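Asker: Mind looking over this structure? Questions follow.
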There are 2 protein chains.
Amino acid sequence: MENNDYSHLKEEIISNKRIFDGHVIKVDHSRVKLPDGQTADREIVYHKGAVSLIAVHDGEMYFVRQYRVAPDDFLLEIPAGKIEVGEAPHETAVKELREEIGGIAGTLEEIQEFYVSPGFSNEYVYLYEAKDMTMETQALDDDEFLDIVKVRLEDLKKLLQEGAFRDSKTLIAVQHVIASYNL
Amino acid sequence: MENNDYSHLKEEIISNKRIFDGHVIKVDHSRVKLPDGQTADREIVYHKGAVSLIAVHDGEMYFVRQYRVAPDDFLLEIPAGKIEVGEAPHETAVKELREEIGGIAGTLEEIQEFYVSPGFSNEYVYLYEAKDMTMETQALDDDEFLDIVKVRLEDLKKLLQEGAFRDSKTLIAVQHVIASYNL
């Protein structure tokens, strides 16, 4: 479909100003040289990345309902969490599955990995599927507040069509489950 | 599956510091009161939102290959663009379809809308499908550099499984096309 030389599309950062150095994000205001030599401004958010999990047990898919202050909305999302410094994505996945829904996977299979919004951010999300899961009790961090919501597999397609899932990782996960379970 | 009273999950912003007021994003460092009365810091990126487009013509799905400076990567994405002030999402979609791939849709059907990364950002993306499309020439902005890449529908599933699509909106779109065309 195309050759693999993309150098005619490349931008080069020529100067950089660190605007914010937070716990979750770092923000740079950068100036780039475009392929034709013009310059342009870029606003860039650096993020350490996250994991998210498909968790199906006893014919039900596990979600969490939580409040998100950035969109000011209560969303129905798959379990997920930020990758901490020094953690491998697979370790974060094991931890978040246990904390958010009390799940312990026999194995974790990687399904996809993706940038959530490459136009301004490098946040990269690893999506795993928990296989052969056993359930224990939720073990949330003391600043986490969320409800576990279980959805029967046969209801997923209708909920997808109704717009019940309104964040990107959850839409990717639900579509994957519908396809792989032939729902 | 759950009742609709989520007030036990709500956080309230109690103070707010505007860190950055850019063209594309605004960044706040906020302090919130958690449901149990504790406080916590939140780093929030406000964004005006974007549209993205499923465009299929003559048995091929249209993508654009472009360099993204935030992840420092050349990605294969569906056509997309930021919503400008005063634009309705549908207007942005018509404009971006024409600019990026030269497409003119008979009708635009909305497929999904979603937050890309609600943990820190309110960016909201509208995904449309262009129906009954005719093709003219690409009409890029003078600071846009991207290649049109057409993929035959029967190759989509294999490319998806190989990890060829590495951003969230594109994965949602490709999964939708595979399901709706029974590929």
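Asker: Could you grab me the full set of residues in the stretch A:57-75 that are farther than 23 Å from B:S15 by Cα and surrounded by fewer than 20 Cβ atoms within 10 Å (Cβ to Cβ)?
Answerer: Of everything in the stretch A:57-75, those that are farther than 23 Å from B:S15 by Cα and surrounded by fewer than 20 Cβ atoms within 10 Å (Cβ to Cβ) turn out to be A:H57, A:D58, A:G59, A:E60, A:R65.
Asker: Tally up the residues in the stretch B:1-11 that are surrounded by 11 or more Cβ atoms within 10 Å (Cβ to Cβ) and either in contact (Cβ under 8 Å) with a residue 24 or more places away in the chain or more than 9 Å from chain A (Cβ to nearest Cβ) (or both), please. Steps first, please.
Answerer: Filtering the stretch B:1-11 for residues surrounded by 11 or more Cβ atoms within 10 Å (Cβ to Cβ) gives B:1-2, B:6, B:9-11.
Add one more test, that the residue is either in contact (Cβ under 8 Å) with a residue 24 or more places away in the chain or more than 9 Å from chain A (Cβ to nearest Cβ) (or both), and what stays is B:9-11.
Residues meeting the conditions: 3.
Asker: Evaluate the stretch A:84-97: report whether one residue or more is of a type in the set (K, R), closer than 21 Å to A:A173 by Cα and away from chain B (no Cβ under 12 Å).
Answerer: The answer is yes, given that some residue of the stretch A:84-97 is of a type in the set (K, R), closer than 21 Å to A:A173 by Cα and away from chain B (no Cβ under 12 Å).
Asker: Further, regarding this structure: Show the residue pairs meeting these rules: Cβ distance below 6 Å; 6+ apart or different chains; first residue within the stretch B:115-136 and over 15 Å from B:T170 (Cβ atoms); second residue open to solvent by 50 Å² or more (accessible area, probe 1.4 Å) and among the polar types (S, T, N, Q).
Answerer: Between residues of the stretch B:115-136 that are over 15 Å from B:T170 (Cβ atoms) and residues that are open to solvent by 50 Å² or more (accessible area, probe 1.4 Å) and among the polar types (S, T, N, Q), the close pairs are B:K131/B:T107.
Asker: Another one. I need the strands (runs of 3 or more DSSP E) fully contained in the stretch B:1-74, keeping only those with at least 3 residues that are within 21 Å of B:L171 (Cα to Cα) and out of contact with any Ser or Thr (no Cβ under 8 Å at 6 or more places or on another chain).
Answerer: Result: B:50-57, B:60-68.
Asker: Scan the stretch A:35-46 for residues that are more than 7 Å from chain B (Cβ to nearest Cβ) and within 24 Å of A:I83 (Cα to Cα) and report the count.
Answerer: 1
Asker: Test of understanding: among A:E109, A:E144, which residue is at pLDDT 95 or above and of a type in the set (D, E, K, R)?
Answerer: A:E109
Asker: Would you mind finding the one in A:D147, A:D143 that is free of Cβ contacts under 8 Å to residues at least 12 places away in the same chain, over 17 Å from the mean Cα position of the chain (by Cα) and open to solvent by less than 70 Å² (accessible area, probe 1.4 Å)?
Answerer: Of the residues listed, the single one that is free of Cβ contacts under 8 Å to residues at least 12 places away in the same chain, over 17 Å from the mean Cα position of the chain (by Cα) and open to solvent by less than 70 Å² (accessible area, probe 1.4 Å) is A:D143.
Asker: Take B:T92 and tell me if it is at negative phi, open to solvent by 40 Å² or more (accessible area, probe 1.4 Å) and among the hydroxyl-bearing types (S, T, Y). Before you say what the answer is, go through the steps one by one.
Answerer: Numbers: at negative phi: yes; open to solvent by 40 Å² or more (accessible area, probe 1.4 Å): no; among the hydroxyl-bearing types (S, T, Y): yes.
Answer is no for this residue.
Asker: Go through (1) surrounded by 22 or more Cβ atoms within 10 Å (Cβ to Cβ); (2) at the interface with another protein chain (Cβ under 8 Å from one of its Cβ atoms) and name the single condition A:V32 misses.
Answerer: Looking at each condition in turn, A:V32 falls short on (1).
Asker: Moving to a separate point now. For the stretch A:106-157, which positions are among the hydroxyl-bearing types (S, T, Y) and more than 9 Å from chain B (Cβ to nearest Cβ)?
Answerer: Initial filter on the stretch A:106-157 (among the hydroxyl-bearing types (S, T, Y)): A:107, A:115, A:117, A:121, A:124, A:126, A:128, A:134, A:137.
Listed by number, the residues that qualify are A:T107, A:Y126, A:Y128, A:T134, A:T137.
Asker: Check B:S117 against each of (1) over 14 Å from A:V116 (Cβ atoms); (2) open to solvent by less than 20 Å² (accessible area, probe 1.4 Å) and name the one condition it does not meet.
Answerer: Every condition holds for B:S117 apart from (1).
Asker: Test B:G103 against the stated conditions and say whether it is buried (at least 18 other Cβ atoms within 10 Å of the Cβ), under 21 Å from B:L156 (Cα atoms) and more than 12 Å from chain A (Cβ to nearest Cβ).
Answerer: Against the criterion (buried (at least 18 other Cβ atoms within 10 Å of the Cβ), under 21 Å from B:L156 (Cα atoms) and more than 12 Å from chain A (Cβ to nearest Cβ)), B:G103 qualifies.
The values are calculated or read from the model by the stated rules, or taken from the named source; none is laboratory data. Just so you know, these numbers come straight off a predicted model, no measurement behind them. Positions of Cβ are generated from backbone atoms using ideal geometry, with glycine treated the same way; all protein chains shown enter the neighbour counts. Ligands, DNA and RNA are excluded from the accessible area calculation, which covers all protein heavy atoms including side chains. Shrake-Rupley method; radii C 1.70, N 1.55, O 1.52, S 1.80 Å.
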